Amino acid sequence: MEDDAGVPAAVRLVRDFVNTFEPQIDDEMLTSPDRLRDWFVERNLLAQDTYLGPADLDVAVTVREGLRAVLLGHAGHHGDPAAIDQLNRALAGAPVALRFADDGHRLAPAGAAPLDRALAGLVDAIRVCGEDGTWPRLKVCARDTCRWAYYDASRNQARRWCSMAGCGNYIKMKRAYAVRTGRTRAAPPTT
């Protein structure tokens with residue numbers, strides 16, 4: 001687990017949303033509409049008495065997995081284009097509008113559906129990340145079985161794994177073993 005002290009709040013919100021599912025151990029936090037609502041309530045994106053249904057849960061999971069695919073691209077890999085297309089369609093169904101106040105601006109829901117408010121909060125966090133330059137530092141672990149979202153606070157922004165001690169060490173040991181035993185893949189032909 002990384003130190004959250006240096007992780008901006010907007011980054012933390014998006015990262016934590018993506019991490020509501022941990023592929024490596026098949027641990028799903030958003031198992032029901034009520035669990036989804038509670039997750040958003042804890043982050044002040046929805047009121048406690050908000051009703052979310054199964055369709056809202058489906059949209060939220062689609063957004064989450066689309067964001068995971070985008071963040072995989074931030075780590076230098078190709079994200080699933082179908083997941084990104086589904087993300088774009090889901091967000092098109094939950095429109096946002098720019099709202100100004102004395103203290104600045106934010107993206108707010110343009111629709112009246114309860115999930116619109118929560119998704120507007122996520123989209124606004126992405127906007128903040130884009131404005132403060134932290135968006136490309138939000139990545140997904142390069143280890144195929146992990147795909148945990150993390151904030152790359154390294155100076156050169158070249159971190160590839162959620163943790164060097166865990167996934168980074170595993171990948172490097174696997175590569176070293178392959179070289180040692182002669183099980184490396186042949187380089188693809190260059191054209």
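Observations on the model:
Every residue, every condition in (1) within 14 Å of the chain's Cα centre (by Cα); (2) at pLDDT 65 or above; (3) within 24 Å of Asn88 (Cβ to Cβ); (4) not in a helix (DSSP H, G or I), yes or no:
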| residue | (1), (2), (3), (4) |
| --- | --- |
| Ala120 | no, yes, yes, no |
| Asp144 | no, yes, no, yes |
| Arg159 | no, yes, no, yes |
| Cys167 | no, yes, no, no |
| Ile171 | no, no, no, no |
| Arg175 | no, no, no, no |
| Arg183 | no, yes, no, yes |
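- In the set (1) surrounded by 17 or more Cβ atoms within 10 Å (Cβ to Cβ); (2) outside any helix (DSSP H, G or I); (3) not basic (Lys, Arg), Thr62 fails one condition alone, (2).
- Subset of the stretch 10-46 [open to solvent by less than 70 Å² (accessible area, probe 1.4 Å), within 15 Å of Ile126 (Cβ to Cβ) and either of a type in the set (Asp, Glu) or in a helix (DSSP H, G or I) (or both)]: Ala10, Val11, Leu13, Val14, Arg15, Asp16, Phe17, Val18
- Hits in the stretch 70-88 (condition: without any contact (Cβ under 8 Å) to a residue 24 or more places away in the chain, not polar (S, T, N, Q) and not in a loop (DSSP other than H, G, I, E, B)): Val70, Gly73, Pro81, Ala82, Ala83, Ile84, Asp85
- Of all residues in the stretch 18-47, those that are small (Gly, Ala, Ser) have Cβ atoms under 9 Å from Cβ atoms of residues that are in a helix (DSSP H, G or I), 6 or more apart or on another chain, in Ser32/Pro54; Ser32/Leu57; Ala47/Val41; Ala47/Pro114; Ala47/Arg117.
- Residue pairs meeting the criteria (Cβ under 8 Å; at least 6 apart or on separate chains; first among the hydroxyl-bearing types (Ser, Thr, Tyr), in the stretch 117-142; second buried (at least 21 other Cβ atoms within 10 Å of the Cβ) and assigned to a helix (DSSP H, G or I)): Thr134/Ala10; Thr134/Val11
The values are calculated or read from the model by the stated rules, or taken from the named source; none is laboratory data. Remember, it's a predicted structure, so these values are computed and weren't measured experimentally. Please note: Cβ atoms are built from the backbone with ideal geometry, for glycine as well, and neighbour counts cover all protein chains shown. Remember, those area values only see protein heavy atoms, side chains included, never the ligands or the DNA or RNA. Shrake-Rupley method; radii C 1.70, N 1.55, O 1.52, S 1.80 Å.
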